[in-house]
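The structure appears below as structure tokens.
The values are calculated or read from the model by the stated rules, or taken from the named source; none is laboratory data. On a predicted model such as this, the values are computed, not experimentally measured, just so you know. A quick note on method: Cβ atoms are made from the backbone with ideal geometry, for glycine too, and the neighbour counts reach across all protein chains shown. Each accessible area value is taken on the protein alone, full model and side chains, heavy atoms only, with ligands, DNA and RNA left out. Shrake-Rupley method; radii C 1.70, N 1.55, O 1.52, S 1.80 Å.
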Amino acid sequence: LGGNDAMAANYFMYALDIINQRTSSSPSRSIPSCPAVSPTTNNSMCPQAQPQQQQQPRQTSQEPIMDAMPILHNLGHIYYRAQNYKLAMSMYSKALDIAQDPKHPRGGSSNLSASASTLNCLGVIFFHMSGNSDENASKALDMFTTSLDIRKSLLNNSTTANCNNSSNSNNGNLNTDDERREIATTTNNVGRVYYMLGGHTAALTAYIEAYRL
């Protein structure tokens, strides 16, 4: 994502348009080409709408699944780097909707790791939006805590499945080393929130736990 972020955002938005055309004709499941912004919001990174493309056939079961979540995460990261936290939150919130949708091929209980990752990203946004607002800091803490609960559950289930030599677990392909690194990162984020709120003892506990992981 280095270099021209505005151009990158434009390509990502165009990719979302293609996914919308191929996967759904329902407005409720489509992703807008450009987030709505107020006149006072810096929208220099919000790309212009693409020309209307010819409607593509709806995706069939034989076609590969087109996943919008990584694209939404990339857009969220671009807006986060530009300190446009409202747009970043919009992108991550849309990604979370997909991750938690049990009807989506890449959502629900089949991909809890995606929910955990997105919750952590939303927590980071709330953290940076907190300033003097304890409410946003509390929201950040809730996001981080929920993300941790999911990841720790996945890790525990994966460890149990491996010990039992079970081949039926949904977590059989989980990379436990990666999961531990993600847990350490989010635990460190929890420490940052506690430190900002003045809870130095709780922050130290979180930092030590993250270090040991």
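Structure values in brief
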{"item": "Proximal lysines to Lys94, defined as alpha-carbon separation beneath 21 angstrom and excluding residues fewer than eight positions away on the same chain", "result": "Lys86, Lys103, Lys139"}
{"item": "Carbon and sulfur %, accessible surface of the range 81-129 computed with the full protein complex present, 1.4 Å", "result": "50 percent"}
{"item": "Cross-link reach list, aspartates and glutamates versus Lys152, counting only Cα pairs under 19 Å and skipping chain neighbours closer than eight places", "result": "Asp142, Asp177, Asp178, Glu179, Glu182, Glu209"}
{"item": "Most to least packed among 82-95, 117-130, 188-201 [average Cβ atoms within 10 Å]", "result": "117-130, 82-95, 188-201"}
{"item": "Environment charge at Val193 (Cβ cut-off 13 Å; Lys +1, Arg +1, Asp -1, Glu -1)", "result": "-1"}
{"item": "Computed label-point distance, nm, for sites Asp101 and Ile208 using a 7 Å Cα→Cβ extension", "result": "4.4 nm"}
